[in-house]
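Written below as structure tokens is the structure these notes are about.
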Amino acid sequence: MTATTPDHVPSYIADWPPVPKGPLPPGPRWPALVQSLAFMRYRHSFIPWLHRKYGDVFTVKLIPDGRQIVMFSRPEHIKEIFAGDPEVFYAGKGNAVLGAIMGEHSLLLVDSAEHKRARKLLMPAFSPRALKGYEDMVVDIARSEVESWRDGTTFRSLDRMNAVTLEVIMKVVFGLTDETRLRELRPLLRGVINVSPAVLIGIGYPWLMKYGMWKRFVDNRDELDRALYRLIAERRAEPDLASRTDVLSQLILVGDDEDEVPLNDAELRDQLVTLLLAGHETTATALAWTLHELGRSREHLARARKAADEGDDAYLEAVLKESMRLHPVIPMVVRLLMQPATIGGTEIPAGASVAPSIILSHQENFADPDVFRPARFLDEKVQANTWIPFGGGVRRCIGAGFSLMEGVAVLREMLQRFDVVADEPDVPKVRNITSVPRHGSRITVRAR
Ligand code: HEM
């Protein structure tokens, strides 16, 4: 906390522009705390309700300081936001609450020149060529998961998909193969992943860190950091570094042959934790929703099974995309305005945020929005800036291609061996920032 920050203001918003006072698009007049609770807990009904009541552009006010977020859902508005000047449309500042976990260098948290540099250094590890290099490892992980399943068993697919995507992060992103190391890291990583919103909000008040769940969080994070710094030092010393195909090895090498300062240890640590938190539960959730949809329809299952048998990855990718449309994992994308900006003819003052609503865009901009129809991503032209599960512009999810590659590999391995049945409908529940299936997307698997 800075010397001038009063005690009741969390440190992560201390350097934000002041909360604007001028007129903004309409929205509820309730206290910020009430709006925040509705927004966080009931977003799948609250946001469509706001849209029905106030129209295409509306404003909500959130804690801790009653700051306004102006929500948009029309493609032409979303386009303007994604194309906005990154010096004005900040994405990182809005994620500052995650700083205590992800670290100050995290790609998700930085803006401006720092973001440009980090993004440039990380991009090669997510290029189509790099993704091809990871695929065999992902297939092995998916295969060994599926081989552990028994005919006729019923389980929460979300839990199994979380286990798969955590293995993928540890082996493909961190490049760990040694079972002892994996055993050491797994609980530390889970401790960071399972951090509760109360811990996150409390992190803005450093004096709290000596107590209870905050102390446990800080101790776990510090132990994880020590393990990660050891891993980075060992990897730097690996004689076969240049030929390794994991993400960490590529991040260590990048910049070496260019006019760019390579990532230092603290930056590498922050990007590893960021990739873990941004890539693990999101992909698992998307897969769990996909299994839910396939499990509910014999017709879609049969078509996807055929695609798995024939190696028709394009169809499996369309299944994933349609599932992510119908069940957005992340509800919205936020940009904090550092200067006033005009979106769709409305001037929004500096200090407010603008946010394309993924939930609304995926409903309002598609025909028969409640129907699960993967073919819309193959036979029909999807209009730009309507399907936005990965955000857009210079901040678009760097792991989008990675997660689709991973999702297709898991579906292919699974569907070649098992059919899935989902007996009960599932509904979204908010878990931190992701919208997971409330009942974990329970499925029964039947050997083919
Ligand atoms: C279904 C899976 C995923 C979903 C739905 C998802 C969604 C998103 C969204 C909405 C954003 C913000 C984009 C914006 O502000 O415009 C984002 C950013 C990001 N995602 Fe993902 N993501 C997924 C998987 C992954 C994976 C697998 C990784 C890495 C292994 C990853 C790493 C990141 C990073 C580092 C950013 C920050 C990018 C930046 O600010 O430049 N994500 N993701």
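Readers should treat all values here as calculations from the given coordinates under stated rules, not as data from a laboratory. Predicted model, so just to flag it, every value in this text is computed and none were measured. Quick reminder, even Gly has a Cβ in these numbers, built from the backbone with ideal geometry, and neighbours come from all protein chains shown.
Structural remarks
- For segment 301-448, the orientation-averaged shadow of the C-alpha convex hull comes to 10.5 nm² (one quarter of the hull surface).
- Subtracting the Cα-Cα distance of Glu238 and Asp370 from 0.36 nm times their residue separation leaves 42.4 nm of extension gain.
- Net charge over other residues, Cβ less than 15 angstrom from the Cβ of Val427 (K, R count +1; D, E count -1): +3
- Residue-span extension gain [Lys132 to Ser144] - 0.36 nm each, minus C-alpha spacing: 2.4 nm
- Computed from the alpha carbon positions, the gyration tensor of segment 333-407 leads to an equivalent ellipsoid with semi-axes of 28, 17, 10 Å, biggest first.
- Applying the criteria of a DSSP loop state and at most 10 other Cβ atoms within 10 Å to the trypsin sites (Lys or Arg not before Pro) of segment 92-189 yields Arg150.
- Charge tally in the Cβ shell below 11 Å around His280, where Lys, Arg are +1 and Asp, Glu are -1, His280 excluded: -2
- Fully extending the segment from Ala14 to Arg183 would add 57.0 nm, taking 0.36 nm per residue of separation and subtracting the current Cα-Cα distance.
- Vicinal HN-Hα couplings computed from phi for segment 147-157 (Karplus, 6.51 cos²θ - 1.76 cosθ + 1.60; Hz; Gly/Pro x): 5, 7, 7, 10, 3, x, 7, 10, 7, 6, 5
- Using Cβ point charges alone (K and R +1, D and E -1), the dipole size of segment 11-447 about the Cα centre works out to roughly 1580 debye.
- Quarter of Cα convex hull surface for segment 123-176, i.e. mean projection, nm²: 4.3
- 222 nm mean residue ellipticity, helices alone, for the chain (DSSP H n ≥ 4; -39,500 (n - 2.57); rounded to 500): -15000 deg cm²/dmol
- What the Cβ-Cβ distance of Asp259 and Glu104 gives, at R0 = 35 Å and to the nearest 0.05, is a FRET efficiency of 0.90.
- Entries of Lys171/Lys429; Lys53/Lys93; Lys306/Lys429; Lys79/Lys381 with Cα pairs more than 24 Å apart: Lys171/Lys429; Lys53/Lys93; Lys306/Lys429
- Qualifying GluC sites (Glu not before Pro) in segment 337-427, DSSP loop, other Cβ atoms within 10 Å at most 14: Glu380
- Cα-derived Rg to Rh of the chain, Kirkwood definition: 0.95
- Within segment 152-183, backbone nitrogen closer than 12 Å to the virtual label 7 Å beyond the Cα of Arg230 toward Cβ: 180-183
- Each residue, Asp85 and Ala113, gets one label point 7 Å from its Cα in the Cβ direction; the gap between the two is 1.7 nm.
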